[in-house]
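What follows is a short report on a single structure.
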Amino acid sequence: MPKRINRIQFLKKLQSINKLYFTIVDLQKIFNLPKNTLYVTCNRMIRDKDIYRLKQGIYVLDNSPQNIQKIANILYFPSYLSCESALALYGILNQIPYTSTFITKNKTRKLNLGEQIIEYHQIYPDFFCDYILQNNLYIALPEKALLDQLYFVSLGRAILDYDELNLHELSKTKFLKFSKKFPLRTQKLAKELVKDFGKISVTVK
């Protein structure tokens, strides 16, 4: 019969470890117990909502969208949060997207983590730049996040609701400087949009 792990001790031990998520292998090292015992324990903890399963074999104590984005950033690296997801986080986009969008130099892929959909969009290495580490999450600078979105709009792979944009705090200088790294069709969209910088909301083009 599998050994039953004390719930309080289990949670306290995980909380004492500075780690965003735990795999079964991690749990084996921490508790020195067989996989079967740990799977039984995890299933019980999930049922009681003490922990959460993001995907097979990956567990978290915190399943907030912000924590899941940090985990997504680690699972497919290098990558950074951008496009509508970053714009919403900065308050530039009024809408909150259902999908968290990351930019990567790796292949495009889609991932389900818990109840969140994560999309990684491949971009040319020359465009993989102008991002920062903020609260343990790599995220595009505001101007770059908008340009990444415009880039995919120019390719017909994304849309942008201009009427939902707040551009009054963006830097025209940074935006135009960053735009020069992109193809001409993206630069054209950027030159049209920069006319609305400084306005609270943008008129639909």
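Of note:
- Selection within segment 108-120: residues that are free of Cβ contacts under 8 Å to residues at least 24 places away in the same chain and surrounded by 13 or more Cβ atoms within 10 Å (Cβ to Cβ). The member of this set that is farthest from Ile74 (Cα to Cα) is Ile117.
- Residues being within 26 Å of Tyr120 (Cβ to Cβ) and either among the β-branched types (Val, Ile, Thr) or at pLDDT below 95 (or both) - total across segment 171-205: 1
- Of everything listed in (1) open to solvent by 80 Å² or more (accessible area, probe 1.4 Å); (2) at negative phi, the single unmet condition for Leu165 is (1).
- Strands (runs of 3 or more DSSP E) contained entirely in segment 1-107, each with at least 3 residues that are open to solvent by less than 50 Å² (accessible area, probe 1.4 Å) and under 28 Å from Cys129 (Cα atoms): 79-81, 99-104
- Failed item, numbered, when Ala145 is tested on (1) open to solvent by less than 80 Å² (accessible area, probe 1.4 Å); (2) under 30 Å from Gln56 (Cα atoms); (3) in contact with a helix residue (DSSP H, G or I) (Cβ under 7 Å, 6 or more places away or on another chain): (2)
- If you go through segment 121-142 and keep only what is surrounded by 20 or more Cβ atoms within 10 Å (Cβ to Cβ) and assigned to a helix (DSSP H, G or I), you end up with just Pro142.
- Taken together, the residues in segment 143-181 that are in a helix (DSSP H, G or I), touching a residue at least 40 places away in the same chain (Cβ under 8 Å) and of a type outside the set (S, T, N, Q) amount to 11.
- The listed residues are Asn73, Asn94, and the only one of them that is out of contact with any strand residue (DSSP E or B) (no Cβ under 7 Å at 6 or more places or on another chain), of a type outside the set (Phe, Trp, Tyr) and at negative phi turns out to be Asn94.
- For segment 171-201, the set of residues classified as among the polar types (S, T, N, Q) and open to solvent by less than 100 Å² (accessible area, probe 1.4 Å) consists of Ser171, Ser179, Thr186, Gln187, Ser201, listed by residue number.
- Residue in segment 66-81 that is touching an Asp or Glu at 6+ places or on another chain (Cβ under 7 Å) and of a type in the set (Ser, Thr, Tyr) present: no
- All of (1) more than 14 Å from the chain's Cα centre (by Cα); (2) at pLDDT below 95 hold for Pro125 with one exception: (2).
- Test: Leu184 is out of contact with any Cys (no Cβ under 9 Å at 6 or more places or on another chain) and without any contact (Cβ under 8 Å) to a residue 12 or more places away in the chain: yes
- Among the residues of segment 142-166, those identified as under 18 Å from Thr108 (Cα atoms) and of a type in the set (S, T, N, Q) are Gln149, Ser154.
The values are calculated or read from the model by the stated rules, or taken from the named source; none is laboratory data. Everything quoted here is computed from the prediction, not taken from an experiment. As a convention, Cβ positions derive from the backbone with ideal geometry for all residues, glycine included, and neighbour counts pool all protein chains shown. Areas reflect the complete protein model, heavy atoms only, side chains present, ligands, DNA and RNA absent. Shrake-Rupley method; radii C 1.70, N 1.55, O 1.52, S 1.80 Å.
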